[in-house]
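Would you mind keeping the following structure in view while I ask a few things?
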Amino acid sequence: MDSIAKNDLAGLFQRLSETFTAQRSFLIELDGKVGDSDLGITMNKGFNAAWESVKANTTDPIGKTLQLAGMAIAKAAPSTMGTLTATGFMRGGKAVGDAPSIGTAEIAAFWTAYHDGVAERGKAKRGDKTLLDVLDPIATSLRASAAAGVALTPALEAAAQAAADGLEATRTMVAQHGKAACFPEKSLGLQDAGATVGVLIIDTLRAFAAASTESSS
């Protein structure tokens, strides 16, 4: 898959909705170890709403469609993680702008803006055992792929692996934010729940691009 077009977005968000439906119970259990146990519920609601928004949007350009998907997540999932995810999609969509399709350069701009929005909104940094511990590797990897002229599908594969490595590293960290920070010793050894959401998003995007590449070959 060389690029993601406007008419690909509904299929992509359907995959995201399916991912968070399938992972709902896992995220509830993971979040319950040091959090409020609501992560699976809010992400499921948020991405179901985002899919409905994208399906209904047949006229706006890609960037605006992504921004409106973010707004749908914010409305459906008004939790901390819902708000951060919504911010990421809204900032990322703004960065994509009026681009006719999303290639490696555009996806790098999307994830860089996603990272920056979450960092500003969440007041966190890499190493704090948060979503940023996967967003930073994703954005860094995609910028490097864009600079090297790497095609979209392999660029997403590299970014997904960087995210997986970042998620694994959160096991060695102690939580600095949220409810988990009240029980720092309990968070050590666990993968961060928010970072897990980031990995699920980028890996769903990777799988969507890979499947599209296979079907067109």
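The values are calculated or read from the model by the stated rules, or taken from the named source; none is laboratory data. Quantities reported herein were computed from a predicted structural model and do not represent experimental measurements. Neighbour counts are summed over all protein chains in view; Cβ atoms, including those assigned to glycine, are modelled from backbone coordinates with ideal geometry. Just the protein is used for accessible areas: all its heavy atoms, side chains included, with ligands, DNA and RNA removed. Shrake-Rupley method; radii C 1.70, N 1.55, O 1.52, S 1.80 Å.
Measuring from label point to label point, each 7 Å out along Cα→Cβ, what is the residue 210 to residue 14 span in nm?
For residue 210 paired with residue 14, the spin-label model returns 2.0 nm.
Could you tell me the calculated FRET efficiency between residue 161 and residue 58, based on Cβ-Cβ distance and R0 = 30 angstrom, to the nearest 0.05?
It comes out at approximately 0.30.
A follow-up question, please. Considering only protein heavy atoms, what per residue accessible area in square angstrom results for the chain with a 1.4 angstrom probe?
43 Å²
I would also like to ask the following. Please give the charge dipole size of the chain, origin at the Cα centre, charges +1 on K and R Cβ atoms and -1 on D and E Cβ atoms. Round to the nearest 20 debye.
Approximately 460 debye in magnitude.
Let me ask something additional. What do the square roots of 5 times the Cα gyration tensor eigenvalues come to for the chain, in whole Å, largest first, as semi-axes of the equivalent ellipsoid?
The answer is 27, 19, 15 Å, longest axis first.
Which pairs break 23 Å Cα to Cα here: 55/94; 94/123; 6/129; 64/123; 45/123?
Over 23 Å apart, Cα to Cα: 6/129; 64/123; 45/123.
Can I ask one more? Divide by every residue of the chain the summed helix terms, -39500 (n - 2.57) for each DSSP H run of at least 4, and state the resulting mean residue ellipticity at 222 nm, rounded to the nearest 500 deg cm²/dmol.
One gets -23500 deg cm²/dmol as the mean residue ellipticity at 222 nm.
Can you give the Rg to Rh ratio for the range 18-57, taking only C-alpha atoms and Rh from Kirkwood?
Over the Cα atoms of the range 18-57, Rg/Rh equals 1.10.
A follow-up question, please. When all alpha-carbon pairs of the range 1-123 are counted, what percent fall beyond 25 Å?
21 percent
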